[in-house]
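What follows is a single structure, written as structure tokens, with notes after it.
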Amino acid sequence: MRITLPLSVLLSLASYVFADGDSDVLSLGAANFESTVSAEPLILVEFFAPWCGHCKALAPHYEEAATTLKEKNIKLAKVDCVEEADLCSSKGIQGYPTLKVYRKGEATDYSGPRKADGIVSYMVKQSLPAISEVTADKHDEFTKADKIVAVAYLPSSTAVPAAEFSAAAEAHRDDYLFGVVTDQDAAAAAGVVPPALVVYRSFDEPRSEYPYPVNGATKKEIEDWLADLSIPVLGEVNGETYSIYAQSGKPLAYIFVDPTDEKKDEQLDAVRPVASKYKSKLNFVWIDAVKYGDHAKALNVAEAKWPAFVIQELEKQLKYPYDQSKEVTTEGVQDLVEKYVAGTLQPQLKSQPIPESQDGPVTVLVGKNFEEIAFDESKDVFVEFYATWCGHCKRLAPTWEQLGEKYAPIKDKLIIAKFDAPENDLPPTIPFRIAGFPTLKFKPAGSKEFIDYEGDRTLESLVSFVEEHAKNSLEIPEVKAEEPAQTPLAEEKKETVDTRDEL
């Protein structure tokens, strides 16, 4: 039975739905965008598309942040770029979600996290001056206002190292919260004797004082000190935090754990003492093994068996996995780390088997034969570094095969090769690492230096590049046509007789 509701009831239901869906995120369009952003001293705007997966993932965090920031009088807004295509185009939006910070209508790119607490922290810092004057009554609240809070306790606002501290604050206002205390009673209450620099953290050791003479502290030294303190002894690495670790330049020591395992904390505690001891040498992190199992495989962790421990040297992409046949213990991890730091630990190189033959026009390189073939100084070598899943690589494949076929007659002088980078590790002697696919590199004969190919991927362009950079002669010998073998007369007659049709 079909029920038809009166229009008045439908309208009341619609009103209820819209009321229930009230949001603290402002919806902007062409009609109200300029008037809204130009009137706000600070507002964050998300440009999104309803079909965008990343936008959907951001939505609940953005909403939560908007509710929290509403209390601080900081507004968050959004623009639907499907409904407002012209507006988004006029703002130069090319991908989703794109977030921009507006100050009285002037836009800058948002470079903060995309979780609720990260958005709140970032926007609060944006609302403050680079350095806030901290009074005695606000001191405790200020030192707990963010994950990392740097405070300079000074006799006066111009005392050394105020200028260097201010320069560091201007450069890193998006990263940390900065304050200055010139009230001597406030400094005394905090147990600090000016001049001093103190960092307050919401993790690990909650308070750290600058360990060197403060009067000589430079902007760079303050930045380095803050960068070191911003990384936990054993923090979680994920999509939000990876860049922090990558920028530090230190090797990464991972422990892969299943976050649902009731022994997770016990597993992390096994690594923590080693992490504390070697924090100056490596960054220790824990990582969700269920979510990032493929990353474990890329680090040469052979089995999906947790916990697993592995050291990765980021610059050279070398991997040093812990023996998975052994239990991950404090003593075992310390032994591995000690050997790594001492330089006696050998990296584990992933390699496909060396091909039994190289009969094809393109030579197959793997981890185990790369040095032998690529560093052969008697030959010019042109290598394609590819991934089987890469669409650009698939499109290049037939052209690369044609290039190999063209120079197949002179493989003793010029090698056209390919290297499946995800399935093979480059040896540590190789002075480069591959960041994208396909990557093409040419090594001239008589040298061990590789030249990057950056032209288009047509056969003609590739041939021109080879002709320009090859040191060996590219002259392809003429192949003489073989004369047909002469058949003895007796056999010829026999063939004629034997093949005659019967009547």
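The values are calculated or read from the model by the stated rules, or taken from the named source; none is laboratory data. Quantities reported herein were computed from a predicted structural model and do not represent experimental measurements. As a convention, Cβ positions derive from the backbone with ideal geometry for all residues, glycine included, and neighbour counts pool all protein chains shown. Heads up: the accessible areas ignore ligands, DNA and RNA and are worked out on the full protein's heavy atoms, side chains in. Shrake-Rupley method; radii C 1.70, N 1.55, O 1.52, S 1.80 Å.
No other residue among Ala188, Ala145, Ala163 is out of contact with any Phe, Trp or Tyr (no Cβ under 8 Å at 6 or more places or on another chain), within 30 Å of Tyr110 (Cα to Cα) and loosely packed, with under 15 Cβ neighbours inside 10 Å apart from Ala163.
Rundown of residues vs (1) under 25 Å from Glu71 (Cβ atoms); (2) assigned to a helix (DSSP H, G or I); (3) among the β-branched types (Val, Ile, Thr), yes/no style:
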position	(1), (2), (3)
Asp140	yes, yes, no
Asp146	yes, no, no
Ala159	no, no, no
Phe165	no, yes, no
Ala168	no, yes, no
Asp175	yes, no, no
Tyr200	yes, no, no
Asp204	no, no, no
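Among the conditions (1) more than 15 Å from Ala187 (Cα to Cα); (2) in contact (Cβ under 8 Å) with a residue 60 or more places away in the chain; (3) not in a helix (DSSP H, G or I), the only one that Ala130 does not satisfy is (2).
Each residue in the stretch 402-425 was checked for being within 15 Å of Gly360 (Cβ to Cβ), without any contact (Cβ under 8 Å) to a residue 60 or more places away in the chain and open to solvent by less than 70 Å² (accessible area, probe 1.4 Å), and 8 of them qualify.
Of all residues in the stretch 377-394, those being without any contact (Cβ under 8 Å) to a residue 24 or more places away in the chain and over 21 Å from the mean Cα position of the chain (by Cα) number 1. Residues in the stretch 31-71 that are among the aromatic types (Phe, Trp, Tyr) and surrounded by 13 or more Cβ atoms within 10 Å (Cβ to Cβ): Phe33, Phe47, Phe48, Tyr62.
Please tell me if Thr260 is closer than 22 Å to Lys115 by Cβ, open to solvent by 50 Å² or more (accessible area, probe 1.4 Å) and modelled with pLDDT of 95 or more. Give the steps one after another, and end with the answer.
Working: closer than 22 Å to Lys115 by Cβ: yes; open to solvent by 50 Å² or more (accessible area, probe 1.4 Å): yes; modelled with pLDDT of 95 or more: yes.
When the stated conditions are applied, Thr260 passes them.
Restricting attention to the stretch 351-392, the residues that are within 15 Å of Lys443 (Cβ to Cβ), open to solvent by 40 Å² or more (accessible area, probe 1.4 Å) and either β-branched (Val, Ile, Thr) or not in a loop (DSSP other than H, G, I, E, B) (or both) add up to 2. Here Arg457 passes the criteria (1) open to solvent by 50 Å² or more (accessible area, probe 1.4 Å); (2) closer than 18 Å to Thr363 by Cβ; (3) assigned to a loop (DSSP other than H, G, I, E, B) except the one numbered (2).
Considering Ala246, Ala253, Ala296, Ala227, the condition of being assigned to a helix (DSSP H, G or I), open to solvent by less than 20 Å² (accessible area, probe 1.4 Å) and of a type outside the set (Ser, Thr, Tyr) is satisfied by Ala296 alone. When Lys138 is tested against (1) without any contact (Cβ under 8 Å) to a residue 24 or more places away in the chain; (2) under 27 Å from Ser202 (Cβ atoms); (3) loosely packed, with under 14 Cβ neighbours inside 10 Å, only condition (3) is not met. Figure legend. Inter-residue proximity from the stretch 314-330: first residues in contact (Cβ under 8 Å) with a residue 40 or more places away in the chain and of a type outside the set (A, V, I, L, M), second residues loosely packed, with under 13 Cβ neighbours inside 10 Å and not in a loop (DSSP other than H, G, I, E, B), beta-carbon distance below 9 Å, spacing 6+ or different chains. Indicated pairs: Thr330/Asp269. I'd like to verify a number: residues in the stretch 191-209 that are surrounded by 20 or more Cβ atoms within 10 Å (Cβ to Cβ) and of a type outside the set (A, V, I, L, M), how many? Total satisfying the criteria: 2.
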